[in-house]
Structure formats: C-alpha cells, structure tokens
Amino acid sequence: MASTTTNKKAIVDFLWEWAASQGDWGKLLISKIVITESPLSTVDRDEVFNYFLQSINLHSGLPTLSIAKPTYTPTTKQIELDSLSAITGVNRLAKNQTVNFAKNITVIYGENGTGKTGYSRILKTLGFSYDTNKTILPNIYGATEPKSATINFKSNGTPQTFIWNGANTNSELENISVFNSSCVQFSISDRNLIVSPIGFHLFQLVSNELNKLSQLLQAKVIAHPTSLLWVINLTPVTPQCNFITTLSGNSSEQKLTQLSDFTQAHQETLTAKVSELANLNKTLLQAEIQAMRSQIQEFDSLIGKIQNAQNLFNSTNWESLIIFNKEISELEKKTQTGIKDIAEQRGIEFYQTAEFNSFIQAAENYIKIINKDEYPEEGNTCIYCLQPLDVSAKELLKNYRILLNDKTQESLNALRQKKTRLIQQVSQIDTNLTFHQPSFGTSENQAAVQPQEIIEYNQNLGKLKTIFIDGAVAQDSTFIFEYQVVISFLTNKRTAINSVLTQRSEALANLATRETVLKKEIDELKDRKLLSGKVPEIKTAISNHIIVNKLNNNANSFNTAAISRKTSSAREELVRQDFEALFKKELSALRKANLKIDLSFGTDRGSSKVFQKISHHALADILSEGEQKAIALAEFLTELQLDNIKAPIVFDDPVNSLDHRIIDEVVKRLIELSKHRQVIVFTHSILLLHSFLQQKELEHHKQAGVSFAFHRVKENFGETGVLDEVEEINSYSYYEKKLNALLNANHQDQEEAKIAAQGYGHLRSMVEITVEDSLFQKTIKRYKKGVAFPSLLRVKGSKIDEHKSKLNDIYEKCCVSIDGHSSPEEIHTTPKIAELKTDLEEFKTIRNNFLN
C-alpha cells in the first residue's frame, strides 16, 4: 500500500544520506524505489546488484552513474465501495443479497449470529487490520461451495469491479482498514504500525530490497563453489591433502604445481614401490610365526609327558615290583601249610583258589560275629550246612582258623596293595605320543609326519608297560630304557624351531617399519597423480575463493540495520510528535484523556514500531476491558490519519465494552471521519444504531451532505445475512405490514389459535408504537436519550383521556392472547382471527383520532 500523507521534511533526505554511504549502487536503488514506490523488477534489481559487484571489482563495463537526489511526491487516492454482492461459500451467508454502501456512513445492524461478521470478514480479507487472521470458513453444516463475491467500487471516481475467489487480492482494495474486537489485544501490545506514515513505506521497500539483494549475493556465492568433492579420495596428512583441505584465496598456484607435477619417472617409482610392498608378505610371516609357536607348544607338551613317564616308570619301580612279587609268593606259601595234606586227603579241590579262600574267610568272619572263639568244639555243627563235624573236618577247620588269624595274611594284603598302586601309576603313562603339528613335515595326505624316535618310544615303552602291568616281570630281569635320548632329540628340534621363530619375528618387526615408509611414499605419489588431473578444477576453486571472500566481506552492505537507524531518525523527527498529538485528541474525543499512556517508537527491519506503557506496566495489566477498547480505537483512528489514502474503514462492533455515555461520542467521531473517507459499521448494539439514526436527522449533517445507509441483517431458514431495511424496525408500518400479511395469507391446515396469537403480538407492538409516536408525539422514545419537550406541546391530553380506557382494553386483550402469556385454565380464552380483525379495526379508529 503506497503512502500518501504529507510531512514537514522530505523523507528522501534520510534515504539519500544512507545511499551516499553506499556509493552508486545505493543511489541507484533509492532512486528507483522513490520513483516507483514499489518493489524493483528483476531487471532493475539485477542492475543495482551489478553496480554493487562493480564497486568491489567483481564486475566491469557498466557506465559511471550521475544520479541526483530524487523528488518524492506522495500519492493521493480516494477509494469508495459501492456494493458487495453475489456471495457464495462464506459462512452461512444467503445468496442473492446485495449490500449497497453510502458515500459516507453505512450501518449494518443485526443480532448475534445473523451474518454481520460474515460480510465483515470478506472486507477484512481484502484489506488490512491489527487482527491478521483472514480465515473464512464455508457453511460447516451444509455442502461446501467455492468462495466468491463481487465488489463494485470507485478508485478516484473511476468505477471498477473485482471478482473475489477467496484467495485473490486487489491492490486498491488492500487499502481497506478493519477494526474489530480481536484488534484490541494486538493494538495495546508492542507492535508494528499497520499504517505506514507518509513515505515511511519507502524504508520498508528499501529493507525488502536489501534482503533481496542479500539473496542475490548468496546465490552468487553458491554459483562459485569452493568445495572439491573428490577431496575424500586423498590420503590424510599427505602434502597434497593438506593443500586441498586448506585451499583459500591465498593458495599459491606455484605450490599447486609443485604438488601436482607427475612425470613418467614418478609413475615408474610408484609401480616399483607398490610391487615392493606386495612382496612384503606380512600375512605369510604372521602365519609362519603362529605355526612355529604352536609347534613349540606341542614340543613342550610331549617333552613334559616323557619326563613324567621317566619319573613314574624306571628301574627303581621295576625292581620294586620284583621284590613285591617275591614277598607275596612267600607269604602265600606260608598260608597254605597244614591245609594241603588234609585237603588232598579229603579230596577237596580248588582249596588254593581265591574263591575258596573267600569262602573260608566269610565263615571265619561269621564265627567271630556269633562269639564262638573256641569253634569247633565237641558237638558243634557246620556253620554253613549245620551238619555234624567229623574229626578230620574239625582238624581242617582248626588249621584254617589258625592261618586266618595269623598276621601273615595282613602282610600279604599290604604287599598286594602296594603292588596295585605301583601298577596303576605306570598304567597312566602315555605311550601313544603323536605330533599334530607338521614339525617334521607332512605326508602325501597332508598328515603330520611322526619321527622314528617317537614311534620307537611308543613301541618299546609300551611293551615294558604291558609286562609291568601284567606283573610278568622276571626275578632276574632289569629295566633298560633311554628316556634322555628321546628328550634330547625333541629338545634339539625345539631349539632349532625356536631359532627360526626368532628370525621370523625380527623380520616381521622390520617389515612393519618398511611397510610404513612404503605406504607413505605410495600415498604421496597417488595423491600427486590425482592432483595432476585436477589442476584446472583446483585453479577454478582458488578463483572462486577469492570471489566468495570479497562477497562475504561486503555482505554487510545489505544489512538492514543502517536503514533501520535512518528510519528511527525520520520517525523521531517526522512521526512521533504528530502521532502523540493526534492520539491525545482521539482519547479526548472518547472521554479517556485521563489515561496517561507512555508512547515510544522503534524500528524493526524498516517498519515503525510503537511501544505502550502506563508507569512501566503493560496496558492489559492495568486497564479495564472498556478502557482497552477505547485505547485501541483511538490508536486505530490516529494511525489512519498518518496516511492520506482515503480508503473505506470498517468497524465491526466498535462499541462493545464501552460505556453507554461514550457511544454518542463514537458515533459523532465516525460521522466526522466519514466526511474524509467512507465508514462502514457492523453492530448488534441497538443504542449505537439509534444514535446514528438520531444523528442522521440533525440539520448540520444534512447541510454537510453526509449520506447514510442503514441495513438490517437477519437469519431466515438457517441462512444468515438476509438484508432488510432498518428504518422499519420498531415502526408502526413495519408491524402493520406483518399483521396484514398474516391475515391475508392462506392458513389452511394450520391451527387458528396460533395464527391469532401471532397476530395479537403484532397488534400489541402497533399499540405500543402508537402510544410513543401518536399519543405522546415522540416526547420520549425507546433507545433514544433525552426528552423532546417541544413535542410535549403537541400532546392531545383530552383525546388521551377519551380513548385511553378502550386502548388499554385492546392492549390487555393482546397480552392475554399471545403465546408468551399464561392464564388460569378456568378464565383462559382461545384467540380467534375474527376477534383479531375486530380489535384491529377498533384500534385503527382510535389511532386516527391522533393523526390529525
């Protein structure tokens, strides 16, 4: 919205001061904005940007500019709404309704929910307001239709038509300003001015253009990429990688040449080093070392087993077994003395077997249990078969008992146990030693070769072990086995393998050092080769770094802080005093001059901001709802006076929460405002409506040519916004028409009592209005302030006395006949249409007496 108010000092002076500090491009920018009062075209913006680039040596060829400070003449314009019609898809507004607007004041009256705000929302969507919510919903209870409306208006007297589709805008209608209840909280908080004072929109335009130019600068930066995507292919810490990762506008092309030179000699060196590295078979060495370590572990295990055998199975143990066998044999012979002859004589077989001995031993144990130490005595029987014992049996048993109770048997058992333990020790010796590691090579089937020494060890020692375990050691035999020969053989082999292991480990350690050196040299040669194919790209990146550095170093040229400071200076000098004076005047008009509002101003990206406090407190924390409404309304009216564009102002319920004493003052102020720009008021306040109606009749408004238009909106069959004439509300003719229409309608199939009751309601309203207008000559009227004493002289008191009784009877009849009246059942009368017609005619006769 272009600004059009006048000021004391040329606004261009402040803009030109900023431009002078920027050079030719800044002057060119200010010149174009002042001349067009609109955002620059793409061509003009590119021209300004190119002059900026030329000023930092990134462009050339543009001619030198010689620009004089432009002259700014504020725009003047008069916008006037003619009609709003053909509305669809907006809330529940009815179709085929046309709101015609008066040149000065249009008042649209209606109760809550009748559609006033629906019309107001359309105008707010087209214009501007403290309340920035422009959401318009369709009829949420019915089928959704596309939003549309036809707005006929004049711009500087030229008729125009705008077809609104719910989303489009019109540059002329954007100047419509709207004030509603939601504006209050926005208005009394710290905020931007919604109206740009004269010329101050130029600051906003400059700020916007600086942001656009900043975007062009960023686009320019993006168009000169400095990153090289292939840098990830370089090896960290090589000279080439360090050079590329620290690339800047200061990077030397000479250094680039040194690092990217790659000849045939470099290629041959690279090939040789790669081959050398490949021959350093680290994996093979590591595998060999691991294998030899496993072999040594196996040697240690086998040597340990042989040494264990040497400790458990030797000549000492061999001789011990011979001695044990000899002593056991002698004791066994002793236990058989005296028994042999008797057993053979008696034909006892197997007396020398273990089973027989066990049999006899069990009998001895039983005899001890039954305490017959002298058994067998005379008369004793056999403990097994209980048969009598003969003399020879007794003699045999006595000899056995003597032998069994002799200590010789205990000694025999002890020797046998020692022999058993000795054999068990020897039996644990491993005579199946096997090499699983290929320490002596592998066979054709890849099995580990077993040395002859180990084979013979297993065979020879195994034979001796078998003899020993079977107890078949001859008395004159000796133990001969050379453990140490085998141990020495294995130890020597282990030492040889360990020597090789040491050599391989040392080779691996040296290999790692050499490998590191080779890899470093190979990485440098590979990166050198890579750079050799990227030289042009790297040179471009260096050039881009230089350009980007210049752009970034001068990016602050498009910072809006400087223009904001100029805005602040201009605002202080050109706006603040006028705003405060106008605001105080508006507060006085609304009878709120007692409120001491502290105003201060600031700047936000070229836009003017106003800050409001009362003794350092927020207005919302101090003021009542009505006071807040008055402050918001005063500020709204003040801001509109800062701009000379004369566009319609819309007020949606402007007197909510206001004291009734202020309503007339608001009406007077809006009528005065309408002499300069069109005013449209939506209200549900009957007090505000009647105040406008009274003001309409005043002579000085008629002389000033102030035109008024009044509309009433109502709901009809679920649709809102249905238009009617306000003048008929609470008028005699209004209710007379309703009653006549009711009496003349076809009421077939309808209950007569209900029709008659509705008619009596209209008749009662006709009586009431007749009393106000005809009997008392409008001396006192509902919704109107004061008493019209001149009208009192026209009151016909005698006629009132003559007809008041009958008129009261008719009124009482109306009261008892309407639906809202209840009467005792015994005196209740059902109204009839015929009675209604009779009472109507009688009332008209009475009324005619007061019309002459």
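Extension gain for the segment N559 to E332, taken as residue separation times 0.36 nm less the Cα-Cα distance, is 69.4 nm to one decimal. Relative contact order, whole percent, for the chain stands at 22, derived from Cα pairs under 8 Å and 6 or more residues apart. With bins 5 Å wide beginning at 0, the percent of Cα pairs of the range 452-608 falling in each bin runs 1, 6, 6, 5, 5, 5, 4, 4, 4, 4, 4, 4, 4, 4, 4, 4, 4, 4, 3, 3, 3, 3, 3, 3, 3, 3, 2, 1, 1, 0.
Too long at a 19 Å Cα-Cα cut-off: which of K584/K613; K212/K539; K124/K212? Long pairs (Cα-Cα over 19 Å): K212/K539; K124/K212.
In this Cβ point-charge picture (+1 for Lys and Arg, -1 for Asp and Glu), the chain has a dipole of about 3560 debye about its Cα centre.
Dimensions of the range 628-755 from C-alpha coordinates, computed as largest minus smallest value along each principal axis and given longest first, are 64, 33, 29 Å. To the nearest ten degrees, helix 660-674 and the longest principal axis of the Cα atoms of the chain are 80 degrees apart.
Here R92 sits with roughly 70 square angstrom of accessible surface, probe radius 1.4 Å. In the chain, helical runs assigned H by DSSP with n ≥ 4 each contribute -39500 (n - 2.57); averaged across all residues and rounded to the nearest 500, the mean residue ellipticity at 222 nm is -17500 deg cm²/dmol.
Over all other residues within a Cβ to Cβ distance under 15 Å of Q160, the charged ones net out to -2, with Lys and Arg as +1 and Asp and Glu as -1. Simple spin-label estimate for T135 and A291 gives 8.1 nm between the two label positions (7 Å along the Cα-to-Cβ direction from each Cα).
Highest mean packing comes first when the peptides 161-168, 415-422 are listed by Cβ atoms within 10 Å, giving 415-422, 161-168. For the range 682-769, the C-alpha radius of gyration divided by 2.2 N^0.38 Å, with N the number of residues, is 1.41. Dividing the convex hull volume of the alpha carbon atoms of the range 1-122 by its residue count gives 196 Å³ per residue.
Between the helical axis of 24-36 and the longest alpha-carbon principal axis of the chain there is an angle of about 50 degrees.
Stretched out straight at 0.36 nm per residue, the stretch from N308 to I467 would grow longer than its current Cα-Cα span by 55.3 nm. To test your reading of the geometry: what angle, between 0 and 90 degrees and rounded to tens, separates the Cα axis of helix 625-640 from the longest principal axis of the chain? Approximately 70 degrees, to the nearest 10.
Partner lysines whose Cα lies under 18 Å from the Cα of K77, excluding those fewer than 8 positions away in the same chain, are identified as K103, K154, K646, K675. A viscosity of 1.002 mPa s and a temperature of 20 °C, combined with the Kirkwood radius over Cα pairs in Stokes-Einstein, give a translational diffusion coefficient for the range 538-661 of 119 µm²/s. Apply the Debye scattering formula to the chain, with a single equal point scatterer on each alpha-carbon and no solvent, then give log10 I(q)/I(0) at q = 0.05, 0.08 Å⁻¹. With no solvent term, the Cα-only Debye profile gives -0.63, -0.99.
Enumerate the residues in the range 446-463 having an amide nitrogen under 20 Å from the point lying 7 Å beyond the Cα of A496 toward its Cβ. Those under the cut-off are 447-458. The range 410-465 and the range 276-312 have Cα centres spaced 23 Å apart. When both the range 668-736 and the range 164-183 are represented by their alpha-carbon centers, they are found 22 Å apart. If you look at the Cα atoms of the range 531-601, you get an Rg and a Dmax of 27.1, 85 Å.
The values are calculated or read from the model by the stated rules, or taken from the named source; none is laboratory data. Values in this document were obtained by computation on a predicted structure and should not be read as measured data. Using ideal geometry, Cβ is built from the backbone for each residue, glycine included, and neighbour counts are taken over all protein chains shown. Please note that ligands, DNA and RNA were not included when accessible areas were found on the heavy atoms of the full protein model with its side chains. Shrake-Rupley method; radii C 1.70, N 1.55, O 1.52, S 1.80 Å.
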